[in-house]
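Only the coordinates and a few stated rules stand behind these numbers; no lab work does. Note that the structure is predicted; figures quoted are calculated from it, not measured. Virtual Cβ from ideal backbone geometry, glycine too; neighbours counted across all protein chains shown.
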């Protein structure tokens, strides 16, 4: 069992142990808007941005390489 399974087991154990199982309720919400934001190390110095982009560009994962291609378009120079 991975860390996530252990976490879920611990949480459920605490809920059951405290008699809170009946207090769990389900609910649905309607999504009316999605706001997206690029998080591409913009808050980091230029050297860090370049290092991240280089590592992603060398990734065997196609999504990582695609993110590396996006980084120059969505990052701003920051002081080192």
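Here are some notes:
- Only one item in (i) 1.11; (ii) 0.96; (iii) 1.24 matches Rg/Rh (Cα atoms, Kirkwood Rh) derived from the coordinates shown, and that item is (iii).
- Burial order of peptide ranges 66-72, 13-19 (average beta-carbon count within 10 Å, highest first): 66-72, 13-19
- Rounded tilt (10° steps) of 62-74 against the dominant C-alpha axis of the chain: 60
- Label point distance in nm, residue 74-residue 12, each placed 7 Å from Cα along Cα→Cβ: 3.6
- Rounded to the nearest 10 degrees, the inclination of helix 46-57 to the longest alpha-carbon principal axis of the chain is 70 degrees.
- With Cα atoms, 0 to 90° folded angle of helix 3-17 axis to the chain main axis: 30
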